[in-house]
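**Student:** Below are the structure tokens for one structure; questions will follow.
The values are calculated or read from the model by the stated rules, or taken from the named source; none is laboratory data. What you are looking at is a predicted structure, and each value in this text was computed from that prediction instead of being measured. Neighbour counts run over all protein chains shown; Cβ positions are idealised from the backbone, glycine included. What goes into the accessible areas is simple: the full protein's heavy atoms, side chains included, and nothing from ligands, DNA or RNA. Shrake-Rupley method; radii C 1.70, N 1.55, O 1.52, S 1.80 Å.
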Amino acid sequence: MDNWDEVRTAFQVAKVGTVSGAAEALGVHHATVIRHIDALEQRLGAKLFQRHARGYTATEAGQDLLAVAGQTDDQFTQLAGRIKGRGDEVTGELIVTSLDALSPLLVPTIGLFQERHTDLRVRLVSDTRLFRLEYGEAHVAIRAGKLPDQPDNIVQPFFTQTLRLVASKGYVERFGVLTGDNLADHRFVGSTEETPRAPYFKWLADTVPTSSIYFRASSMSAAKEAVVAGIGIGFVASWDRERTADLVEVLPPLEDWTAKIWLVTHMDLHRTAKVQTFVRHLKEQVKTWDVV
């Protein structure tokens, strides 16, 4: 079985007989219980429960599965007893998923954290896809944009990132100054996404003619390199001073050019010492970042 979480959910539903009771026992949202049951039944190609007004009753197939699940649950309980206390240690592996553009801020911060916790190994994953914390793909996710709304995740504000619309001095010498009236006469650096999620790239897509976007990049670091190289006008984070001191700000910043950054953890791991200590460290360190 690929996903023990789904089996464990089904086991709890069988024990208590209701979705709400299983959700309370597992400490998850009732929607998660229903999603796990539906996914498990679809995966197995069989109905595990009969739904009725009073709750859920296991079918014959469900009883077979749950007999095995009960034995496995007992083994996990015994295992938990053997390793009790280890959860108070900041050791093992910590998986963090974040935006690639935040690496200059995040990597030194992680390095300082590992100096304080020498037995910890960190895996920093920068990817455009949304990692599924409910399946343990990461311990902590650092996300940008609108407020994440997954029901089992705990979301905390981290900081607000402001973007500047800039160009190299060489670009300005070649193509002149940008004004609100000559957008179509200039070259821009945009996103490869057809429907950008970042508010500043969305502003660019809505405001600038498609024919004026001469270069598209899938990452902010590549977009910055294109701006530094003089290919076009583009966005650079206000905190990103490396190799951007000579760039020219072409328009005053707009409210649409900000992006809220969030710290996201799953409720099952949120209160572990490892995650709590790391999140607390991030909140302390962000105060030292010049992100305005």
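**Student:** Check whether at least one residue in the range 262-269 is within 21 Å of Leu130 (Cβ to Cβ) and β-branched (Val, Ile, Thr), and report yes or no.
**Tutor:** yes
Results for (1) open to solvent by 60 Å² or more (accessible area, probe 1.4 Å); (2) within 21 Å of the chain's Cα centre (by Cα), shown as yes or no for each residue.
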{"site": "Glu115", "(1), (2)": "yes, no"}
{"site": "Val125", "(1), (2)": "no, yes"}
{"site": "Leu133", "(1), (2)": "no, yes"}
{"site": "Gly145", "(1), (2)": "no, yes"}
{"site": "Ser168", "(1), (2)": "no, no"}
{"site": "Leu178", "(1), (2)": "no, no"}
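**Student:** Filter the range 24-63 for residues that are touching a strand residue (DSSP E or B) at 6+ places or on another chain (Cβ under 9 Å) and loosely packed, with under 14 Cβ neighbours inside 10 Å and give the result.
**Tutor:** Correct list: Gln50, Arg51.
**Student:** Among (1) closer than 23 Å to Phe235 by Cα; (2) out of contact with any strand residue (DSSP E or B) (no Cβ under 6 Å at 6 or more places or on another chain); (3) open to solvent by less than 70 Å² (accessible area, probe 1.4 Å), there is one condition Ile213 misses while meeting the rest; what is its number?
**Tutor:** Result: Ile213 fails condition (2) only.
**Student:** Further, regarding this structure: Restrict the check to the range 182-198 and report whether at least one residue is under 30 Å from Gln114 (Cα atoms), touching a helix residue (DSSP H, G or I) at 6+ places or on another chain (Cβ under 6 Å) and either among the small types (Gly, Ala, Ser) or at pLDDT below 95 (or both).
**Tutor:** No, that holds for no residue.
**Student:** Of the residues Glu225, Glu249, Glu193, only one is exposed (fewer than 15 other Cβ atoms within 10 Å of the Cβ) and under 21 Å from Val291 (Cα atoms); which?
**Tutor:** On the way: Glu225 fails: exposed (fewer than 15 other Cβ atoms within 10 Å of the Cβ); Glu193 fails: under 21 Å from Val291 (Cα atoms).
It is Glu249.
**Student:** Spot the failing condition for Asp268; the list is (1) surrounded by 15 or more Cβ atoms within 10 Å (Cβ to Cβ); (2) touching a strand residue (DSSP E or B) at 6+ places or on another chain (Cβ under 9 Å); (3) modelled with pLDDT under 90, and only one is missed.
**Tutor:** The one condition Asp268 does not meet is (2).
**Student:** Hey, another quick one. Would you check which residues across the range 22-33 are touching a helix residue (DSSP H, G or I) at 6+ places or on another chain (Cβ under 8 Å) and at negative phi and list them?
**Tutor:** Ala22, Ala23, Ala25, Leu26, Val28, His29, His30, Thr32, Val33
**Student:** Which ones in the range 118-135 are without any contact (Cβ under 8 Å) to a residue 40 or more places away in the chain and out of contact with any Ser or Thr (no Cβ under 8 Å at 6 or more places or on another chain)?
**Tutor:** Hits for the range 118-135 are Thr118, Arg121, Val122, Arg123, Arg129, Leu130, Arg132.
**Student:** Of all residues in the range 41-86 being within 30 Å of the chain's Cα centre (by Cα) and either more than 18 Å from Glu6 (Cβ to Cβ) or not in a helix (DSSP H, G or I) (or both), which is modelled with the highest pLDDT?
**Tutor:** Step by step, filter the range 41-86, then rank; the result is Ala80.
**Student:** Let me ask something else. Could you figure out which of (1) in contact (Cβ under 8 Å) with a residue 60 or more places away in the chain; (2) in contact with a helix residue (DSSP H, G or I) (Cβ under 9 Å, 6 or more places away or on another chain); (3) over 30 Å from Ala25 (Cβ atoms); (4) open to solvent by less than 30 Å² (accessible area, probe 1.4 Å) isn't true of Val208?
**Tutor:** (1)
**Student:** If you take the residues in the range 1-40 that are among the small types (Gly, Ala, Ser) and outside any helix (DSSP H, G or I), which one is farthest from Tyr135 (Cα to Cα)?
**Tutor:** To start, the set of residues in the range 1-40 that are among the small types (Gly, Ala, Ser) comprises 10, 14, 17, 20-23, 25, 27, 31, 39.
Next cut, outside any helix (DSSP H, G or I) only: 17, 27.
On the way: Gly17: 24, Gly27: 15 Å.
Step by step, filter the range 1-40, then rank; the result is Gly17.
**Student:** Among Glu284, Glu242, which is the only one that is open to solvent by 30 Å² or more (accessible area, probe 1.4 Å) and closer than 27 Å to Glu225 by Cα?
**Tutor:** Only one candidate passes the filter, namely Glu242.
**Student:** Within the range 87-99, can one find any residue that is modelled with pLDDT of 90 or more, touching a Ser or Thr at 6+ places or on another chain (Cβ under 7 Å) and either open to solvent by 70 Å² or more (accessible area, probe 1.4 Å) or aliphatic (A, V, I, L, M) (or both)?
**Tutor:** For the range 87-99, residues modelled with pLDDT of 90 or more, touching a Ser or Thr at 6+ places or on another chain (Cβ under 7 Å) and either open to solvent by 70 Å² or more (accessible area, probe 1.4 Å) or aliphatic (A, V, I, L, M) (or both): absent.
**Student:** Would you please list the contacts, defined by Cβ atoms under 7 Å and residues six or more apart or on different chains, that run from a residue in the range 164-193 that is of a type in the set (Ser, Thr, Tyr) to a residue that is surrounded by 13 or more Cβ atoms within 10 Å (Cβ to Cβ) and assigned to a helix (DSSP H, G or I)?
**Tutor:** Ser168/Val227; Ser168/Val228; Ser191/Phe201
**Student:** Touching a residue at least 60 places away in the same chain (Cβ under 8 Å), over 15 Å from Leu99 (Cα atoms) and not aromatic (Phe, Trp, Tyr), is that true of Glu115?
**Tutor:** Here the answer is no, as Glu115 does not meet what is asked.
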